[in-house]
Amino acid sequence: MTSPGRRESAETVLAYSGGVIDRAANQRTEPGWVDATLGSSGTRLIPMWRDQCVVSGEPAVPVIVPAATAAAGAVLNSAAEVVFLGLDDHGGIFAADLSQAGESAAAAAAGGERVLDVRALVGTLSPAEAALLGYARGILYWHRHQRYCGSCGSPTRIGHGGHLRTCRNEACARLHFPRVEPAVIMLVESQGKCLLAGTRVRPPGRTRPWRGSSAFARAWRTRCDARSPKRRACPSGR
């Protein structure tokens, strides 16, 4: 929360709205540029295990591994995929997918103590840190589920620093890009009360506003937002 000047109202900063890194869309397609950036002394690695990040300490702090350390070698040797995320003022940032290793082995390889869901850390991270970890989680998830071509079933290979996968079947050679799906989060309010949602996988007492996604090119409608909460909160339609 921020309170500029003497204003009484505070501005709320959304947790994942702090993405400020340069994704270097032009440079990452140049031959050898991604490898050179990975080998730079200022580069850092974000080790991930499935949809969770490696953490240490209490309260938990995400492990970020400098490239110029022995731990970076262990992370790279254990990683199924290494994806370029972008550049900041200090150098390159990469995400390393350790999902093929066991949970304990992945944490040990990165020099951490355990793994933890990114969403459990949001309240302790700055918006920039939360955005970066969410970005790493999302793009590695896409890679794990895009190993085969959706058109012909052949294996795909990584390219452009991890922002492209290409079908290895020369007769197909389809290009696959990380998908972007528009999403909406809404607050349903009536007479000073709001409707919150909870799931079985969340700890007791943890709730959230309603959320949903929209198909590509679908026109936004006001009543579209109202239908989803009504359908889920009142399955009988009442």
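Just so you know, all these numbers are worked out from the coordinates, no wet-lab data involved. Since the model is a prediction, treat every value here as computed from it, not as a measurement. Using ideal geometry, Cβ is built from the backbone for each residue, glycine included, and neighbour counts are taken over all protein chains shown.
Considering just Cα atoms, how many Å³ per residue does the convex hull of the stretch 27-145 enclose? Kindly include the intermediate steps, with their values, before the conclusion.
Values: hull volume 12.0 nm³, N = 119.
Cα-based convex hull of the stretch 27-145, divided per residue, equals 101 Å³.
Where in the stretch 110-130 is the amide nitrogen less than 12 Å from a point lying 7 Å along the Cα-to-Cβ axis of residue 56? Within reach of a label on residue 56, which here means backbone N under 12 Å from a point 7 Å along Cα→Cβ, the stretch 110-130 contributes 110-114.
On the beta carbon distance between residue 90 and residue 117, with R0 = 30 Å, the FRET formula returns roughly 0.70. Label-to-label distance for residue 158 and residue 129 is 2.5 nm, based on points extended 7 Å past Cα in the beta-carbon direction. Given R0 = 41 Å, the distance between the Cβ atoms of residue 80 and residue 186 translates into a calculated FRET efficiency of 0.65.
Counting only C-alpha contacts under 8 Å and six or more residues apart, can you give the relative contact order of the stretch 1-154 as a whole percent?
Values: 260 pairs, mean separation 43.4, N = 154.
Answer for the stretch 1-154 is 28 percent.
As a calculated quantity, the FRET efficiency between residue 179 and residue 206 at R0 = 35 Å, using C-beta atoms, amounts to about 0.80. A cut-off of 5 Å between modelled amide H atoms, ignoring neighbours fewer than 5 places along the same chain, links residue 50 with 98, 99.
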